[in-house]
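Take a look at the structure set out below.
Bear in mind these aren't lab numbers, they're just calculated from the coordinates by the rules spelled out. Note that the coordinates shown come from a computational prediction; the quantities given were computed from them, not determined experimentally. Positions of Cβ are backbone-derived with ideal geometry, glycine not excepted, and every protein chain shown enters the neighbour counts.
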Amino acid sequence: MPVSISVQAFFFSVGMAPSDEGLRERKTLRHAIRIFPFTEMVALICVFLCLANGARVWYNMAERKMDMSALDRFLQYVTFETTSDEENDACPSTAVQLVFADRLVKELLSVGVADAMRDENGYVYGHVPATAGCESLPKIGLVAHMDTSPDVSGKNVRPRIVTFDGDNLPMVDKKYIGCEMVVSDQTTLLGADDKAGVAEIVELCAVLCSDKTVRHGTVCIGFTPDEEIGCGADRFDLARFGADFAYTVDGGELGEIEYENFNAAGVTLTVHGVNTHPGTAKNKMRNAVLFLHEFMSLLPAEQTPAHTEGREGFYHVAHIEGDETTARLSMIVRDHDKACFEKRKQFLQTTVAYLNEKYGDGTFDLTVTDSYYNMREVIEQHMDIVERAKTAMTADGMTPEILPIRGGTDGARLSFMGLPCPNLCTGGMNFHSIYEAIPADALDKMVEVLLHIVKA
């Protein structure tokens, strides 16, 4: 076999599939092979491999940072599995999030964020220093989360770009007809929630670090783990982050700005029964599964996510399991109005008290844990930062739309921790679904919005 073919085969065997740039580099290598004697060439290859240290550097697009767009970054990021695990109390809840965090640190360093780092809990921090003369300006923070929802598989995500014809993408609004949409292969979620936000922030850093003509104050970067299981702000280091105010980039379609969210609680219910042979069970069996069914039948049927919108709250049964002896339920409770939120929790307590009186004390064991609260009461004291976002969107041709978040965000927790933090759109839609989608051009449009927000 000719030496040039052997070398080419070797590179492909180690997964170094060449980009266009790599093809030019490979031609250079072939030319060198033709010039050098065989033994010298072998020595040269050995030296190269040692210096490269297993090197996928030349040909792995995932490690190229120059001339990339937010879309390029996003298409790479979604291939990282980062599903969080609500059953694990560790931080982060899954080790795969650390892999992605480390990748982001390397990428931030490569674009010029010199102090980028990951802490022991999986949080990523970095800063783009203020340009000369702008050191006294407010320090603006940008936050996004790295994990994806455990509701739908985030393993082996295969993104594709599809032109929407009005029928070929379920759950996509007809206003996107003719647009190129990034979607998964519909066996997994896509991961736009919130790798779209991550990609947009990293690309902004690349722009700020490469274009010294853009005047701006200090920009503070924070990427969090475990947002999807309500823990994203648990160990967020505000002092290390250092922002005066911030935005989570974790919202939906272009133009959306959100500064009020649900008050939220997590609920677990364990039902204790008694099993015996069904042939002799009369007046003896206490079927925990049926008792659990009775509890669910008492929940207001019209107050579920499928029947509510806007600021309407709900009860959402997320998981049930069990048998005749023990049955368990997990659910969430949501409401924008604090008084209504408290009434919902009290309703659950009253319902369980009624069932325990009916079937015996201790039959139903209820635990209600508050997760986060509506950040509106904090943000309303800092509406200037909302106006800043509106102005930035208008400058880029978007029509800002103030909406309530029908969910949660790290920004809610951070706001109550002393860091006012409304939420900005990413461009995505249908989150936590195999039909998740984002317009291909939305990512770079949001980079422009972020640029307007941070510019002096």
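Here is how the numbers come out for the structure above:
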item: Backbone N under 20 Å from the residue 369 label point (7 Å along Cα→Cβ), restricted to the stretch 302-316; result: 315-316
item: Long-range HN-HN contacts of residue 215 with modeled amide H, under 5 Å; result: 456
item: Distance in nm between pseudo-label sites at residue 417 and residue 106 (7 Å out along the Cβ direction from Cα); result: 2.7
item: FRET efficiency, residue 317 to residue 212 (Cβ-Cβ, R0 51 Å, nearest 0.05); result: 0.40
item: Lys/Arg +1, Asp/Glu -1 at C-beta; the chain dipole; positive extreme among 359, 257, 150; result: 150
item: Those lysines that a straight Cα-Cα span of less than 24 Å connects to residue 284, excepting residues fewer than 8 apart in one chain; result: 358
item: Whole-angstrom gap from the stretch 124-164 to the stretch 191-208, using each part's C-alpha centre; result: 4
item: Theoretical gain in end-to-end length, residue 377 to residue 136 [0.36 nm per residue, Cα-Cα removed]; result: 84.0 nm
item: Leading residue at positive end of dipole, the chain (Cβ point charges), from 110, 381, 141; result: 110
item: Inverse of mean 1/r across different Cα pairs in the stretch 359-456, Kirkwood, Å; result: 16.2
item: Of the GluC sites (Glu not before Pro) in the stretch 272-343, those whose Cβ has at most 11 other Cβ within 10 Å and which sit in DSSP loop; result: 302, 309
item: Rounded if a/c under 1.5, otherwise prolate or oblate - the stretch 95-191, Cα gyration tensor axes; result: oblate
item: For the stretch 322-337, Karplus couplings with θ = phi - 60° (6.51, -1.76, 1.60), whole Hz, Gly/Pro x; result: x, 8, 4, 7, 9, 10, 10, 9, 10, 8, 10, 10, 9, 6, 5, 7
item: Global form of the stretch 335-405, assessed from the alpha-carbon gyration tensor, a/c cut-off 1.5; result: prolate
item: Three-way shape call for the stretch 413-456 based on the alpha-carbon gyration tensor, with the a/c threshold at 1.5; result: oblate
item: Rounded FRET efficiency, nearest 0.05, which uses the C-beta distance separating residue 338 from residue 285 and R0 of 30 Å; result: 0.10
item: Peptides ranked, highest mean first, by Cβ atoms within 10 Å: ranges 86-95, 412-421; result: 412-421, 86-95
item: Per-peptide average of other Cβ atoms within 10 Å, ordering 133-146, 160-173, 70-83 highest first; result: 70-83, 133-146, 160-173
item: Tilt relative to the chain, helix 192-210 - C-alpha long axis, 0 to 90 degrees, to 10; result: 40
item: Over 30 Å (Cα to Cα) - which of 195/345; 174/455; 174/445 fall in this group; result: 195/345; 174/455
item: Matching label, Rg and Dmax of the Cα atoms in Å computed from the structure shown, candidates (1) 25.8, 79; (2) 22.4, 64; (3) 26.2, 93; result: (3)
item: Integer Hz, Karplus 6.51/-1.76/1.60 couplings in order for the stretch 365-378, x for Gly and Pro; result: 10, 10, 10, 10, 10, 5, 9, 6, 10, 5, 6, 3, 5, 8
item: Nonlocal amide H pairs with residue 274, under 5 Å, H built at 1.01 Å; result: 286, 287, 288
item: Rounded to whole Hz, the Karplus (6.51, -1.76, 1.60) HN-Hα couplings of the stretch 259-273, x for glycine and proline; result: 9, 9, 9, 5, 6, 9, 9, x, 10, 10, 9, 10, 10, 9, x
item: Stretch gain in nm, segment residue 402-residue 309, where the contour uses 0.36 nm per residue and the Cα spacing is subtracted; result: 32.0 nm
item: Listed residue (307, 291, 280) projecting farthest to the positive dipole end of the stretch 280-321, Cβ model; result: 280
item: Amide H contacts of residue 148 (H built 1.01 Å from N, under 5 Å, at least 5 apart or other chain); result: 82, 83, 84
item: Label-point gap, in nm, between residue 275 and residue 353 - each point 7 angstrom along Cα→Cβ; result: 3.3
